[in-house]
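The block underneath contains the structure these notes are about, expressed in structure tokens.
The values are calculated or read from the model by the stated rules, or taken from the named source; none is laboratory data. These figures come from a predicted structure and were not determined experimentally. Backbone-built Cβ (ideal geometry, glycine too); neighbour counts: all protein chains shown.
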Amino acid sequence: MTTAPAYCRRVAYQQFGQWLPETGSIAGLFRAAWQIARHEMPDADLAAGESVVENLAATVRSRARSRQPTAVLAHLHDVLFDLFGLQGNADDYYAPANSYLPAVLETRRGIPITLTLLYLRVAAELGIRGWGVNAPGHFLAEVIDAGGDSMIVDAFDGGRLLTIKEAMARITEITGRSSIDQAHALARATPRQWLDRMLNNLQASFAAAGQQRDVYAMQELQQLLRQGPG
């Protein structure tokens, strides 16, 4: 049983801890990440969020005549990035709302890590295998095509497909580092790494805004995360 938090809203803390054991799947990871937002959005309805995900997946299915992964992926990108209008929030990148899944679904704006999670959550509903890529400076997605080969997807850039060379060039540009180990830069994120990075992003946003109590709240969630297995 989790202890009472001193700074984090209790419902966010308790529900985050409750979902942590389920984060081995994208669905479970999505549900745990959703609870982070409840620190500031206590009434955010997970069932409503998952209904949006299911509706998006249903729209893809209705459009895709072929069930081949390549065809489904093409329609997934059309639905998410063209029809639904999901895009990176370059104008207000560091706003905490960009790290909150309920807000991202509402505004259809976010940062790479939340957009990637939403992208892969809908993809999983369609039977597409995917992982988060824990790239420094810019979180990415990896999906498997019909031939079993990996493709890198930039959900922040409208679902742009990247070659390994293009992904490394993007990471080099963002980080300003000329020498980056490819295996490290394109490593798949573990659930703990994914959530830890989300919480680090929020701490940075809150610190920049002088919201110290919210920084402490995210640190409490991070401590809870690091107590678990994995």
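Remarks
- Criterion (within 25 Å of Phe81 (Cα to Cα) and touching a Lys or Arg at 6+ places or on another chain (Cβ under 8 Å)) met by exactly one of Ala169, Ala189, Ala155: Ala189
- Residues in segment 143-180 that are of a type in the set (A, V, I, L, M), within 21 Å of Asp78 (Cβ to Cβ) and assigned to a loop (DSSP other than H, G, I, E, B): 1 in all.
- Reported count of residues in segment 177-230, each being within 26 Å of Asp92 (Cβ to Cβ) and touching a strand residue (DSSP E or B) at 6+ places or on another chain (Cβ under 6 Å), is 2.
- Where helices (runs of 4 or more DSSP H) sit wholly within segment 1-112, those with at least 3 residues that are in contact (Cβ under 8 Å) with a residue 40 or more places away in the chain, surrounded by 21 or more Cβ atoms within 10 Å (Cβ to Cβ) and in contact with a Phe, Trp or Tyr (Cβ under 7 Å, 6 or more places away or on another chain) occupy 26-37.
- Odd one out for Val122, checked against (1) free of Cβ contacts under 8 Å to residues at least 24 places away in the same chain; (2) part of a helix (DSSP H, G or I): (1)
- Exactly one residue out of Arg170, Arg160, Arg213 is touching a residue at least 40 places away in the same chain (Cβ under 8 Å) and among the charged types (D, E, K, R): that is Arg213.
- In segment 66-109, the residue that is farthest from the chain's Cα centre (by Cα) out of those that are charged (D, E, K, R) and within 23 Å of Asp145 (Cα to Cα) is Arg67.
- Taken over segment 123-132, the criterion of being crowded, with 21+ Cβ neighbours inside 10 Å and in contact with a Ser or Thr (Cβ under 8 Å, 6 or more places away or on another chain) is satisfied by Gly132 alone.
This table checks each residue for (1) small (Gly, Ala, Ser); (2) surrounded by 15 or more Cβ atoms within 10 Å (Cβ to Cβ); (3) modelled with pLDDT of 95 or more.
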{"site": "Thr163", "(1), (2), (3)": "no, no, no"}
{"site": "Met168", "(1), (2), (3)": "no, yes, no"}
{"site": "Ser178", "(1), (2), (3)": "yes, no, no"}
{"site": "Gln182", "(1), (2), (3)": "no, no, no"}
{"site": "Ala185", "(1), (2), (3)": "yes, yes, no"}
{"site": "Asp196", "(1), (2), (3)": "no, yes, yes"}
{"site": "Asn201", "(1), (2), (3)": "no, yes, yes"}
